[in-house]
Amino acid sequence: MEKLKLEDAVESFQSILSNLKQNDVEQFLLWTKDTVNGLLDDMTQDDNSDVVLKSIREDIRKSLPVEAMTSTENIITPKTGPNADCDPNSTVHVDAFLYDEDTIDDLVDDGKMSRNYCVQCLSKQVKPLTFITHSASMTQMKYIFQCLLQDLRNKTVLDVGSRTGALLYSAYLYSEAKTIIGVELDPTFCELQSNLIEKYNMSDRIKIVPGDILAQTELLQTSDVIIFNNVFEFFVAFEQQQKIWEFLIQTIRKKDTILVTIPSIEESLSSLQASFCIDTWLKKVNISELKDMAVLKYFKDSSDSDIDDIHLYQVI
């Protein structure tokens, strides 16, 4: 029997609703809701890739402090743009891959972390701390590699500023990308990634390139997918960020190269107060339908979604 297409299934469902007795409609919808929730729960059960990624996450937690920063890392607080309010005294760096909301709640309950700080010591005047992450969450990474970038066979994926390597391991586990490359400036993170790649036997497809992205012209020119996840703002001085973006705009010119960015390129460039023109360089890909499907697939409540800041572009 030939399987229905989506539009045919929707039409059939609407037909059933319209032909039901009025007093049966509510009961039918409640049954549908319960059935759909059960099916979605089955679809989102951890598979082997999820288990491996969570094991890697546990290894990284043991290797880094809670804030997931290293002694060799240089953090620069933005003075312009949407993150200019990140006062070093009241900002907590929490890696979204390592610590989801439930885990943060557990840390707060255990007294290992706080969500608030005292405005005046010993007073009851408290304000919420500002939380900032320099990594994508597990759901964001599944969305990127299972929804946005569905077919990466024979493709090269480049992660600029790979830090703990979360996007590299996700690309390995959730896609068939032929080559996965992380460029990372911090030597401690480079060592951490190399150790994990060896431990989990991922060296056949993942490669770590230590150093500055400004020295990686060939990689930028030949990669098929390039990911920029909160990559420069907290790690590079304002003037240097302008220089890097000028270099990227001049270098990433291979037609149809895909850029995945968090946040949008428009937001990143506006924070620099720079007059870069990207209209002749990139076109923004409309991913609204993919995003809506992902929200249904990964989140029971749409208000829990953390994928709005992920953007997709194509070099023209």
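Coordinate-derived values only; no laboratory data. Quantities reported herein were computed from a predicted structural model and do not represent experimental measurements. We place every Cβ from the backbone using ideal geometry, glycine too, and count neighbours over all the protein chains shown.
Provide the FRET efficiency to the nearest 0.05 for the Gln146-Glu58 pair, computing r from the beta carbons and using R0 = 25 Å.
Computed FRET efficiency for Gln146 and Glu58: 0.70.
Which order do the peptides 254-261, 67-74 come out in when sorted by mean C-beta neighbours inside 10 angstrom, highest first?
The densest-packed peptide leads the list: 254-261, 67-74.
At 7 Å along the Cα-to-beta-carbon direction for both Trp31 and Phe13, put a label point, then send me their distance in nm to one decimal.
About 1.6 nm, to one decimal.
Counting other C-beta atoms within 10 Å, which of Ile307, Ile104 has the fewest, and how do the rest follow?
Ile104, Ile307
Where does each of Ser15, Ser303, Ser271 land when they are ranked from fewest to most other beta-carbon atoms within 10 angstrom?
Ser303, Ser15, Ser271
Which ³J(HN,Hα) values in Hz, rounded to whole numbers, follow from the phi angles of segment 199-206 under the Karplus curve 6.51 cos²θ - 1.76 cosθ + 1.60, where θ = phi - 60° and Gly and Pro get x?
These are the phi-based 3J(HN,Hα) values: 4, 9, 6, 10, 6, 5, 10, 9 Hz.
On a 0 to 90° scale, report how tilted helix 22-43 is relative to the longest principal axis of the chain, with both axes built from alpha carbons and the result rounded to the nearest 10.
The angle comes out at about 40 degrees.
On C-alpha positions alone, give me the angle between the axis of helix 6-19 and the longest principal axis of the chain, in degrees, nearest 10.
40
Which ordering of Arg205, Arg57, Arg163 is given by a fewest-first count of other beta-carbon atoms within 10 Å?
Arg205, Arg57, Arg163
Between (i) 122; (ii) 197; (iii) 155, which matches volume of the Cα convex hull per residue in Å³ calculated for the structure shown?
(ii)
Label Gln314 and Phe131 with points 7 Å out from Cα along Cα→Cβ: what is the distance between them in nm?
Taking the simple label geometry, Gln314 and Phe131 are separated by 3.6 nm.
Per 0.36 nm of contour for each residue apart, how much would the distance between Asp85 and Arg153 grow if the chain were fully extended, relative to their Cα-Cα spacing?
So the chain would gain 20.3 nm between Asp85 and Arg153.
Taking the Cα atoms only, what angle lies between the long axis of helix 48-63 and the longest principal axis of the chain, rounded to 10 degrees?
So the helix axis and the longest Cα principal axis differ by about 30 degrees.
For segment 289-303, in order, what is each residue's ³J(HN,Hα) by Karplus, 6.51 cos²θ - 1.76 cosθ + 1.60 with θ = phi - 60°, in whole Hz (x at glycine and Pro)?
Values, residue by residue: 5, 4, 5, 4, 5, 5, 4, 5, 6, 9, 10, 6, 10, 4, 5 Hz.
Give me the number: length gained by fully extending Val51 to Asn74, i.e. 0.36 nm times residue separation minus the C-alpha to C-alpha distance, one decimal in nm.
Roughly 5.1 nm would be gained on extension.
Under 5 Å between amide H atoms, partner at least 5 residues away or on a different chain: which partners does Phe131 have, H built in plane at 1.01 Å?
Val92
Averaging sequence separations of C-alpha pairs under 8 Å and six or more residues apart, then dividing by the length of segment 78-225, give the relative contact order as a whole percent.
For segment 78-225, the relative contact order is 19 percent.
Calculate the spin-label point distance for Asp256 paired with Asp105, positioning each point 7 Å from the Cα along the beta-carbon direction, and give it in nanometres.
A separation of 4.6 nm, rounded to one decimal place.
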